[in-house]
Amino acid sequence: MGKQLKIGNLEIDGVPLFLAPMEDVTYKSFRWMCKKFGADVMYTEFVSSEALVRNVEKSKLKMELFDFDRPVAVQIYGHNIDSMVRAAQVAEELNPDFIDINFGCPMKKIIRHGAGAALLKDLPKMQKMSTEIVKAVQVPVTAKTRLGWTESDKPVLEAALRLQDAGIQALAIHGRTREQLYTGTADWTLIGEVKNHPQIAIPIIGNGDINSGEKARVFLEQTGVDALMIGRGAIGRPWLFKEIKHYLRTGENLAPPTVAEVVDVLRGQLKMNLEWKDNERSGILMMRRHFAKYFPGLPGFRELKIKLLTAETNTEVNEILDKIVDMYGSYQPDFTNASLK
């Protein structure tokens, strides 16, 4: 019998690939594109519990779920336990497959309020918050965290045991500390120690620096984690999920797409974004982070890249994409060495 991941009633055969929740990235059109290329489990962008409690429309829109998303989780963050409980109940009304608690975001605007990775400095509160949320909703609750706060303060194993005791049904671990932000390399050794600890029974999902099939296999063999979570590596490269699955299945790398094929993918994402947003300009602005990542390492590309990143209309963007295909259509960008930043 093969491996199977279970989160509540959700069962997925094999080693599933999760798309990590990322602010201003994992919105509808990007989730759709990653699902198209084989991502197994989706997350919304993370949503502020305080904003949900105040009924802020922008935050409620972040939680909107679509048929293609499933299985999908809504991720919430916050520092106030009562607000987090109410936010989880609001999220539950959308009928997600599970609710995820963000105990890992390292950004100052999140941790200065005592949310995200700041909870790694207060494990009893992390546990109590999780316990109260689990009690308040019927859907499974999971969590995402980091190794710890600094190089000398990595309480992830204690955090995992506490979260398991609180009723958390799966734990995703990013192999960095809060201090590292997204610099340096992810350390999977501790992720493996958590996964293989005799008292850990819940699924452990490994996250950090997965940008190739080879790395995915190495991390899997090193740790035995139940699933892999891919974040920044998929920005501008949503077919990474397809490449990893192919490599894990065959041991061979798929040929990278040509620039012409990349442009087709980008146009598909842009089209969905423009149909989804209420005005053209906001739909294009949301895409700029993705535009910046789709064409790594092309020679003499700087001028076209600047034009792409400053275009204001769909017509402008498509004219620039036509030029990119004319000039570089048969090139195969090297995504393996592309920056994850």
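The values are calculated or read from the model by the stated rules, or taken from the named source; none is laboratory data. Fair warning: this is a prediction, and the values are worked out from it, not measured in the lab. Backbone-built Cβ (ideal geometry, glycine too); neighbour counts: all protein chains shown. Note: accessible area is taken over every heavy atom of the protein model, side chains too, but ligands, DNA and RNA are not part of it. Shrake-Rupley method; radii C 1.70, N 1.55, O 1.52, S 1.80 Å.
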**Message:** List the residue pairs whose Cβ atoms are under 8 Å apart, where the first residue sits in the stretch 39-53 and is more than 16 Å from residue 115 (Cα to Cα), the second is open to solvent by 10 Å² or more (accessible area, probe 1.4 Å) and assigned to a helix (DSSP H, G or I), and the two are 6 or more positions apart or on different chains.
**Reply:** 42/35; 44/62
**Request:** Mind telling me which of the residues 285, 309, 254, 266 ends up being surrounded by fewer than 17 Cβ atoms within 10 Å (Cβ to Cβ), under 22 Å from the mean Cα position of the chain (by Cα) and either farther than 25 Å from residue 66 by Cβ or not small (Gly, Ala, Ser) (or both)?
**Result:** 285
**Prompt:** Quick check: is even one residue across the stretch 269-279 among the charged types (D, E, K, R), in a helix (DSSP H, G or I) and either in contact with a helix residue (DSSP H, G or I) (Cβ under 6 Å, 6 or more places away or on another chain) or on the phi < 0 side of the Ramachandran plot (or both)?
**Reply:** yes
**Request:** Would you check which residues across the stretch 313-341 are open to solvent by less than 70 Å² (accessible area, probe 1.4 Å) and either without any contact (Cβ under 8 Å) to a residue 12 or more places away in the chain or over 26 Å from the mean Cα position of the chain (by Cα) (or both) and list them?
**Result:** 313, 314, 317, 318, 320, 321, 324, 325, 328, 329
**Request:** Spot the failing condition for residue 6; the list is (1) assigned to a loop (DSSP other than H, G, I, E, B); (2) out of contact with any helix residue (DSSP H, G or I) (no Cβ under 6 Å at 6 or more places or on another chain), and only one is missed.
**Result:** (1)
**Fill in**
Checked against (1) surrounded by fewer than 18 Cβ atoms within 10 Å (Cβ to Cβ); (2) within 20 Å of residue 227 (Cβ to Cβ); (3) under 16 Å from the mean Cα position of the chain (by Cα), residue 20 satisfies every condition except (1)
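Quick test for you: out of 220, 240, 228, pick the one residue that is within 16 Å of residue 333 (Cβ to Cβ) and of a type in the set (A, V, I, L, M, F, W, C).
Details: 220 fails: within 16 Å of residue 333 (Cβ to Cβ); 228 fails: within 16 Å of residue 333 (Cβ to Cβ).
Step by step, each of 220, 240, 228 is checked, and only 240 is within 16 Å of residue 333 (Cβ to Cβ) and of a type in the set (A, V, I, L, M, F, W, C).
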**Request:** Output the residue which, of all residues in the stretch 190-226 that are open to solvent by 70 Å² or more (accessible area, probe 1.4 Å) and of a type in the set (S, T, N, Q), is farthest from residue 11 (Cα to Cα).
**Result:** 222
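It is to be established whether one or more residues within the stretch 3-12 are buried (at least 21 other Cβ atoms within 10 Å of the Cβ) and over 27 Å from residue 225 (Cα atoms).
no
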**Count of residues meeting criterion [assigned to a strand (DSSP E or B) and acidic (Asp, Glu)] in the stretch 222-239** = 0
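Test residue 176 against the stated conditions and say whether it is touching a residue at least 12 places away in the same chain (Cβ under 8 Å), in contact with a His (Cβ under 6 Å, 6 or more places away or on another chain), of a type outside the set (A, V, I, L, M, F, W, C) and within 20 Å of residue 20 (Cβ to Cβ).
Numbers: touching a residue at least 12 places away in the same chain (Cβ under 8 Å): yes; in contact with a His (Cβ under 6 Å, 6 or more places away or on another chain): no; of a type outside the set (A, V, I, L, M, F, W, C): yes; within 20 Å of residue 20 (Cβ to Cβ): yes.
It is false that residue 176 is touching a residue at least 12 places away in the same chain (Cβ under 8 Å), in contact with a His (Cβ under 6 Å, 6 or more places away or on another chain), of a type outside the set (A, V, I, L, M, F, W, C) and within 20 Å of residue 20 (Cβ to Cβ).
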